[in-house]
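Worksheet: one structure, shown below.
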Amino acid sequence: MKLLVTGGAGFIGSNFVIYMLKQHPEYKIVNVDSLTYAGNLENLKSVEGNPNYSFVKADITDVQAMDALFSQGVDVVVNFAAESHVDRSILEPDVFVKTNVLGTQVLLDAAKKYSVTKFVQVSTDEVYGTLGATGLFTEETPLTPNSPYSASKAGGDLLVRAYHETFGLPVNITRCSNNYGPYQFPEKLIPLMISRALADQALPVYGDGLNIRDWLYVEDHCSAIDLVIHEGVNGEVYNIGGNNERTNVHIVNTVLQELGKPDSLITYVQDRPGHDRRYGIDPTKITNELGWKPKHTFETGIKETIQWYLNNREWWTRIQSGEYQKYAELQYGSR
Ligand code: NAD
Ligand code: DAU
């Protein structure tokens, strides 16, 4: 099996490449990534030199580059490549539309031309919009995205659906809740709070801190995608989540406790515009139909994650000293 992983130098993509090479050592994996600010080949050091792994630096919106890549033979595509950060989509929506919508369409065209046997679109629960105090997102929940990021992901999802309906492309769409774990870029809530707490910097909590996210350890997301590749029924959507709803302030307090830092670091700041109040995934379909079960509880996963960031300070301090600085200044000022 030859697997094309797009965005494999990012957080989830790099965890997925490592996971798949371990689970299926006989598979050939090609990682295509344009190495934006979020792409980091350091994440893949442990698989460099594996004869079944190769890396190609290219942009998924580049039609010629994608054609050349697919013409070498691809069985399965897993599309992780995306602009992924909601706050950045509020500052600069255009690149989100380019990569997440146009890039997906370029990949779909190549997948159709070269008759891939499966195209998995890695999407997000954010396309469903926000929940009130009760209920969960199912695969039938209407798409009502609220941020430029989630709107661009919904656009990509609808194209994937359309290529199945119109051209019979064998596709699946997965919609996962918030991931956490090793190699997550320190702009996202958990690694941001860990790195800032360790530096005794203020921890910016948006609004009242009571927004809820449903957390999933990244390896459990990888195992779900592995199952979808092999068992997913073409044309179907699968929600992925581990029933771990937590308020943001609970997450921040957990990080502070684990690191032995004071609550006084918490600073309530202006809310994110269009901030979704609550996400909660109903994973019944993937659980009952494909037999997926997460291995990690939130309590063990968060401890392991904090320990990983403590053991890998060089990884995130190098990132923070690069291009990220400009964004951090804009977002957090001198706090
Ligand atoms: P990330 O930002 O860490 O990584 C994205 C990767 O895509 C980077 O390596 C980047 O260089 C690459 N990329 C961006 N634009 C590209 C382009 N035009 N061409 C080629 N490569 C490009 O993102 P992540 O958190 O790992 O998310 C991966 C996917 O999973 C995304 O599609 C995201 O929408 C989805 N997702 C993420 C989460 C989460 O909690 N992080 C949850 C559900 C779904
Ligand atoms: O739900 C899945 C989505 O989860 C993915 O599709 C996205 O790619 C991923 O970035 C993530 O989106 P969120 O917006 O939920 O993640 P983020 O880490 O940016 O924020 C999590 C929550 O924490 C959210 O309610 C906003 C809040 N927050 C975030 C930051 C960065 C703060 O209060 N302060 C912060 O500084």
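Scan the stretch 245-286 for residues that are hydroxyl-bearing (Ser, Thr, Tyr) and in a helix (DSSP H, G or I) and report the count.
First, pick out the residues of the stretch 245-286 that are hydroxyl-bearing (Ser, Thr, Tyr): 247, 254, 264, 267-268, 279, 284.
From the residues that got through so far, the ones that are in a helix (DSSP H, G or I) too are 254, 264, 284.
Qualifying residue count for the region: 3.
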### Message
Quick check on residue 221: is it assigned to a helix (DSSP H, G or I), under 18 Å from residue 84 (Cα atoms) and either at pLDDT 95 or above or over 21 Å from the mean Cα position of the chain (by Cα) (or both)?
### Response
yes
### Task
Just name the residue that is nearest to the chain's Cα centre (by Cα) out of those in the stretch 287-306 that are more than 19 Å from residue 195 (Cα to Cα) and assigned to a helix (DSSP H, G or I).
298
### Summary
Within the stretch 262-300, residues being away from ligand 2 (no atom under 16 Å from the Cβ) and among the basic types (Lys, Arg) number 3
## Note on the structure
For the stretch 1-31 the number of residues that are in contact with an Asp or Glu (Cβ under 9 Å, 6 or more places away or on another chain) and of a type in the set (Val, Ile, Thr) is 2
### Residue under evaluation residue 211, criteria (1) buried (at least 22 other Cβ atoms within 10 Å of the Cβ); (2) away from ligand 1 (no atom under 11 Å from the Cβ), criterion not met
(1)
### Task
Search the stretch 283-295 for residues that are under 11 Å from residue 139 (Cβ atoms) and pair each with any residue that is assigned to a helix (DSSP H, G or I) when their beta-carbon atoms are under 9 Å apart and the residues are at least 6 apart or on different chains.
283/224; 286/224; 286/227; 286/228; 289/231
### Task
Identify the single condition in (1) within 21 Å of residue 323 (Cα to Cα); (2) surrounded by 16 or more Cβ atoms within 10 Å (Cβ to Cβ); (3) of a type outside the set (A, V, I, L, M, F, W, C) that residue 31 does not satisfy, given that it satisfies every other one.
(1)
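If the requirement is being under 19 Å from residue 229 (Cβ atoms) and among the basic types (Lys, Arg), which of these qualifies: 45, 28?
Numbers: 45 fails: under 19 Å from residue 229 (Cβ atoms).
Result: 28 is the single residue among 45, 28 that is under 19 Å from residue 229 (Cβ atoms) and among the basic types (Lys, Arg).
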#### Entry: Count - residues of the stretch 95-142 that are in contact with a Ser or Thr (Cβ under 9 Å, 6 or more places away or on another chain), of a type outside the set (A, V, I, L, M, F, W, C) and closer than 22 Å to residue 223 by Cβ
6
### Message
Can you find a residue that is within 25 Å of residue 118 (Cα to Cα), buried (at least 18 other Cβ atoms within 10 Å of the Cβ) and small (Gly, Ala, Ser) anywhere in the stretch 188-208?
### Response
no
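Could you please find all residues in the stretch 167-186 being over 24 Å from residue 237 (Cα atoms) and buried (at least 22 other Cβ atoms within 10 Å of the Cβ)? Show your work before the answer.
First, the residues of the stretch 167-186 that are over 24 Å from residue 237 (Cα atoms): 181-186.
Scanning the stretch 167-186 gives 181, 183, 184.
Residue by residue, here is whether (1) within 14 Å of ligand 1 (Cβ to nearest atom); (2) aromatic (Phe, Trp, Tyr); (3) assigned to a loop (DSSP other than H, G, I, E, B); (4) farther than 14 Å from residue 150 by Cβ holds:
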| residue | (1), (2), (3), (4) |
| --- | --- |
| 55 | yes, yes, no, yes |
| 61 | yes, no, yes, yes |
| 69 | yes, no, no, yes |
| 73 | no, no, yes, yes |
| 78 | yes, no, no, yes |
| 83 | yes, no, yes, no |
| 87 | yes, no, no, no |
| 95 | yes, no, no, yes |
| 102 | yes, no, no, yes |
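The values are calculated or read from the model by the stated rules, or taken from the named source; none is laboratory data. Because the structure is a prediction, the values reported are computed rather than measured. Ideal geometry is used to build each Cβ from the backbone, glycine not excepted, and the neighbour counts take in all protein chains shown.
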